[in-house]
Amino acid sequence: MNTTSITVAVAQAVGTADLAQNISTIERMSAEASQRGAEIVAFPEAMMFDFTSSAEDLFAVACNHGEEFENKVRSIAKKTGIAIVTGAYAKGTNALARNMMIAIDQNGETLGQYQKLHLYDAFRYKESEKNEPASLKPDFNELVTFELGGFRFGLLNCYDIRFPEMARLLIDKGADVLLVSSGWVAGPLKEFHWETLLKARAIENTCFVAASCQPAPLSVGLSMIVDPNGIPVSTVPQGDGLAISTINAERVLETRETLPCLQHRRYAVRQLG
C-alpha cells in the first residue's frame, strides 16, 4: 500500500426488473458517493436485474442487455469520477446466465470481472437452476483482485462469505479489503448470519470488509463497512442509502502487528484433487 487512505462507499439498493431504473439508481448513488468524497462505490449482487426472475428471463437479459449495462456503468464511472463495482449478468452456456461482479475504474476502464463461485443452493433456494457455476482454474485464477488508490481489493459475491477459505485465498493474493456484493435473502436468523460472517471475515483476516446488500423485505439490508477488528464503522440500517468510510492503511498494519495471526497459522489453504 503506497497511500495512507481511500474513502469507500457501499450502496444499499434494489435491483428491479426495470433495467433503466437500475441504471438510474447506480448513476444517482454513484454521483452522491462521489460528492461525499468516496473514490469507489460497491453496489449489490444482481443490481442489473431482479434475481427472483426466471432462468429464462435472466438469460434473455444477459444476452440482450449485458454489454449495454456494462457500457452504461463505464459511462457513469467516467461522468461521476468514481470507481464502481456492481452485480451484473453475462451470457453463460446451456441457457443459463452468469452471476457476475464487474469493477470499473473512474476512467471507465475494467479493473476486474468475477463470476460467482458459490451458488446459493441452500435454505430451499436453488440458484444453480438459474445461473451457471464458475469453473475453477489453476493457481486460483478464478479469484479476482484489483488495485485502486494503493489498496488491493478482493471480490466476494453473497454466499461466498460462508466459505472462509475463499476469503483467505484473496488475502494471500494481497487483498487489504474484501469487497462484497450481495442479495442476502431474508429469513430466520439471516441478519445474524450476515453480520456475524462479515465480522468474522474481517477479524480472521485482519482486513477491512466493505459489504453491499439489497434492502428488506426480500434481502436483509445492513450494508456495512467493517474494520480489521470486526467493528462496523458505517452501516445502512434500512432502506436505500450509502455507508461511507475512509479506510486507513495504517489501521491494517497496526492490527496485523498487534495480532499477527496471518503469520502464525500452521496450515495453508491448498486446492486438492
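The values are calculated or read from the model by the stated rules, or taken from the named source; none is laboratory data. As the structure is a prediction and not an experimental result, all values here were calculated from the model. Because the Cβ atoms are built from the backbone with ideal geometry, glycine has one as well, and the counts that use them run over all protein chains shown. Surface areas here come from the heavy atoms of the whole protein model, side chains and all, with no ligands, DNA or RNA. Shrake-Rupley method; radii C 1.70, N 1.55, O 1.52, S 1.80 Å.
Using θ = phi - 60° in the Karplus curve 6.51 cos²θ - 1.76 cosθ + 1.60, the 3J(HN,Hα) couplings for the stretch 203-209 round to 5, 6, 9, 6, 9, 7, 10 Hz; x is entered for Gly and Pro. Extension gain for the segment ASN229 to ARG36, taken as residue separation times 0.36 nm less the Cα-Cα distance, is 67.0 nm to one decimal.
For the stretch 65-201, the extents of the C-alpha atoms along the principal axes are 41, 35, 33 Å, listed from largest to smallest. Within the full protein context, the accessible area of HIS65 is estimated at about 70 Å² for a probe radius of 1.4 Å.
Taking the Kirkwood radius as Rh and the Cα radius of gyration as Rg, the chain has a ratio of Rg/Rh equal to 0.94. Taking 7 Å steps out from each Cα toward its Cβ at LYS78 and GLU204 produces label points 4.2 nm apart. When the Cα gyration tensor is reduced to axis lengths a ≥ b ≥ c, the ratio a/c is 1.5 or higher for the stretch 121-260, and with a/b not above b/c it is classed as oblate.
Along the stretch 31-43 the Karplus relation, 6.51 cos²θ - 1.76 cosθ + 1.60 evaluated at θ = phi - 60°, assigns HN-Hα couplings of 4, 5, 4, 5, 4, 8, x, 6, 9, 8, 10, 10, 10 Hz to successive residues, with x for each Gly and Pro. Its Cα gyration tensor gives the stretch 1-145 an equivalent ellipsoid; the semi-axes, largest first and in whole Å, are 26, 18, 13. Helical content of the chain, expressed as a calculated mean residue ellipticity at 222 nm, amounts to -9500 deg cm²/dmol (DSSP H runs of 4 or more residues, -39,500 (n - 2.57) each, divided by residue number, nearest 500).
Each residue, LEU136 and GLN238, gets one label point 7 Å from its Cα in the Cβ direction; the gap between the two is 4.3 nm.
The share of Cα pairs per 5 Å bin across the stretch 39-110, counted from zero up to the longest distance, runs 4, 19, 28, 22, 14, 9, 4, 0 percent.
Restricting the calculation to Cα atoms, the stretch 3-55 yields a radius of gyration followed by a Dmax of 12.9, 45 Å. Considering only ARG74, ARG36, ARG201, the mean-square fluctuation computed in a Gaussian network model of the chain, springs between alpha carbons under 10 angstrom, is largest for ARG36. For the stretch 77-118, the convex hull drawn through the C-alpha positions has a volume of 68 cubic angstrom per residue. Of the peptides 178-186, 24-32, the order by per-residue mean of other Cβ atoms within 10 Å, starting with the highest, comes out as 178-186, 24-32. For the stretch 166-182, the Karplus equation 6.51 cos²θ - 1.76 cosθ + 1.60, evaluated at θ = phi - 60°, returns couplings of 5, 4, 5, 5, 5, 5, 4, 7, x, 5, 9, 9, 9, 10, 10, 10, 8 Hz by residue, with Gly and Pro reported as x.
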